[in-house]
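J.: This is the structure, below, for whatever I ask next.
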Amino acid sequence: MFIESLIKKTMLTWAVLTWTVFLLYAQMPAEQVVALNKSGIEWQKKGDATKAIADFTKAISIDPKNAEAYKNRANVYFGTGDYDSAISDYTHAIDLKPDDAKAYKGRGITWSWKDDYDRALVDISKAIELDPALAAAYKNRASIWDTKNELDKAIADYSRAIELDPKDGDALWKRGAEWYAKSDNDKAISDCTKAIEIDPKYAKAYYNRALALKAKSEYDKAIADYDAAIQLDPRDPSYYYHRGVALTWKDDYQKAIDDYSTAIDLKPLYTEVYVRRASAWDALNDYGDAIAGYTWAMELGIHDADIYDSRGQAFANKKEWSQAITDYDKAIELNPTKPAELHNRRGAAWSWKDDYDKAIADYTQAVEIDPKFALAYQNRGLAWYAKKDYDKAIADHSRAIEIDAEYADAYKARGDCYEKKGDIQKAYDDTLHALTLDPKNSATQDNLVRLKNALKGGKG
């Protein structure tokens with residue numbers, strides 16, 4: 001009984017399929033093309049590009065002048081990443097139907113994916129000319145303006161899209177991103193907030209609002225928005241990266257490091273995150289990990305002056321002076337115009353290696369680059385002191401004081417020089433002034449007691 005029933009069902013199924021095929025091929029050619037276009041679209045919706053293309057190709061073979069079939073097949077080619085075939089089909093569709101705004105829009109989008117933004121603009125502008133109410137085309141053109149850094153034009157197109165559809169949350173948050181790029185953070189926050197009100201599941205809206213809030217130093221609110229974005233889309237590394245940046249501004253370096261590490265796990269070639277994480281380790285005085293982090297970033301291709309400078313400072317903090325000097329050398333080589341500060345730091349490293357001549361040469365370059373660099377004068381004064389050239393040391397400490405009248409260390413150092421020269425009164429006066437500026441400095445307190453006793457004729 002079961003077998004008989006199964007046979008009957010099988011026969012019925014084949015009968016239905018046979019009749020369907022018969023009907024399809026019994027149709028007039030125009031009806032077949034319509035049916036093939038519909039079935040191709042259904043295959044496309046189901047994600048079967050091969051069958052979709054096959055149906056559209058069959059439709060074209062039946063009616064080579066069917067613009068819709070070319071446009072439909074172009075859409076599928078675009079989805080598979082075959083941009084050249086997509087452009088060819090969009091072009092056929094436009095040749096057959098020159099007033100098809102969506103075909104121009106599709107070809108324009110495809111040009112943009114080939115980084116040919118000028119052709120993309122021409123096609124999408126033509127689509128808008130043909131159909132001024134095509135909101136999606138304004139958004140597409142705005143995206144291209146953004147790529148070309150034409151922010152005002154991008155904002156204008158997003159605004160037109162929003163006029164056409166005030167509930168378009170996608171256009172709102174994207175316009176908010178443009179406002180953020182123009183540093184108009186209040187407008188950015190407003191647009192992103194409206195987008196979130198329309199659809200609370202817009203992760204990008206939370207993310208872009210967070211960027212604007214961070215720019216306004218509203219770090220707690222920014223972090224809350226990054227939290228929301230991550231909850232909605234936990235696979236986007238940029239959310240963790242930027243939350244990490246916000247956390248560093250709150251001096252929460254360990255949590256920042258955790259976020260940077262997650263961003264790297266999600267995107268191992270996210271080079272700037274390695275630098276940020278290394279900087280956070282630096283802030284925690286974890287110089288070994290900081291050096292490793294800067295080195296990883298270098299291995300991934302970052303070779304600017306700043307990263308060598310940063311790693312040099314980490315080496316210096318570990319008192320690894322030779323490695324620090326090597327990195328400062330490279331930083332100066334890469335950015336010879338910057339760097340009074342680099343010369344000053346390298347000079348300090350030479351001083352710690354007791355190579356005072358090289359230290360003085362670097363400090364001298366620093367003050368030649370920046371004649372108002374009080375710290376470099378102060379450091380050069382200390383190097384002259386180490387070489388027992390107290391007059392030159394006094395001159396440099398005096399110059400540091402001229403630049404910064406509240407420079408306690410410079411007064412103390414000049415006092416030390418006067419003491420070496422036997423001018424106890426001047427030594428006492430400078431040390432007293434240093435203590436007035438920095439009353440908790442125990443070394444200065446001890447010096448002052450000794451000098452006071454010396455002035456009284458006692459023993460220090």
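Just so it is clear, none of the values below were taken in a lab; they were calculated from the coordinates. Just so it is clear, the model here is predicted, and its values are computed rather than measured. Note: ideal-geometry Cβ built from the backbone for every residue, glycine included; neighbour counts use all protein chains shown.
J.: Alpha carbon centre of the range 67-82 versus the range 393-460: separation in Å?
T.: With the range 67-82 and the range 393-460 each reduced to a Cα centre, they are spaced 82 Å.
J.: Sticking with this structure for a sec: Of the options ASN453, ALA101, ASN208, report the single residue whose Cα projects farthest towards the positive end of the charge dipole of the chain (beta-carbon charges: Lys, Arg +1; Asp, Glu -1).
T.: ASN453
J.: Then there is this: In what sequence, highest mean first, do 397-408, 295-306 appear when ranked by Cβ atoms within 10 angstrom?
T.: Listed from highest to lowest mean packing, they are 397-408, 295-306.
J.: Still on this structure, I have one more. For LYS45, which aspartates and glutamates qualify as cross-link partners when the Cα separation must be under 13 Å and same-chain residues fewer than eight apart are set aside?
T.: Reachable aspartates and glutamates: none.
J.: Just to check I understand the Karplus step: with θ = phi - 60° and J = 6.51 cos²θ - 1.76 cosθ + 1.60, what whole-Hz values come out for the range 404-414, glycine and proline as x?
T.: Whole-Hz 3J(HN,Hα) from phi for the range 404-414: 9, 5, 10, 7, 4, 5, 5, 4, 4, 5, 5.
J.: Please report PHE315, PHE56 as a ranked list, fewest other C-beta atoms within 10 angstrom at the top and most at the bottom. Mind dumping the intermediate values first?
T.: On the way: PHE315 23, PHE56 30.
By the 10 Å Cβ count, ascending, the order reads PHE315, PHE56.
J.: Then there is this: In whole angstrom, how far apart do the alpha carbon centroids of the range 161-199 and the range 303-377 sit?
T.: Comparing the Cα centres of the range 161-199 and the range 303-377, I get a distance of 46 Å.
J.: Still on this structure, please answer the following. Apply the Karplus curve 6.51 cos²θ - 1.76 cosθ + 1.60, θ = phi - 60°, to the phi angles in the range 286-296 and return the couplings in whole Hz, x for Gly and Pro.
T.: 9, 6, x, 5, 4, 4, 4, x, 4, 5, 4
J.: Scan (i) 58, 24, 19; (ii) 39, 35, 20; (iii) 73, 23, 21 for the value of semi-axes √(5λ) of the Cα gyration tensor in Å calculated from this model and give just the label.
T.: Only one listed value fits the structure, namely (iii).
J.: In straight Cα distance, which lysines are under 17 Å from LYS126, not counting same-chain residues fewer than 8 positions off?
T.: Partners within reach: LYS71, LYS97, LYS102, LYS105, LYS139, LYS153.
J.: What is the packing order of peptides 166-177, 430-441, taking the mean over residues of other C-beta atoms within 10 Å and listing the highest first?
T.: Taking the mean over residues of other Cβ atoms within 10 Å, the ranking is 166-177, 430-441.
J.: DSSP loop (so not H, G, I, E, B), at most 10 other Cβ within 10 Å: list which trypsin sites (Lys or Arg not before Pro) in the range 230-304 pass both filters. Display every interim value, and only then the final one.
T.: Values: sites: ARG235, ARG243, LYS250, LYS255, ARG276, ARG277; in loops: ARG235, LYS250.
Listed in order of number, the matching sites are ARG235.
J.: If I take every Cα pair under 8 Å that is 6 or more residues apart in the chain, average their sequence separation and divide by the length, what percent do I get for the relative contact order?
T.: Relative contact order here is 4 percent.
J.: Rounding to the nearest 20 debye, state how big the charge dipole of the chain is about its Cα centre with +1 on each Lys and Arg Cβ and -1 on each Asp and Glu Cβ.
T.: Value, rounded to 20: 500 debye.
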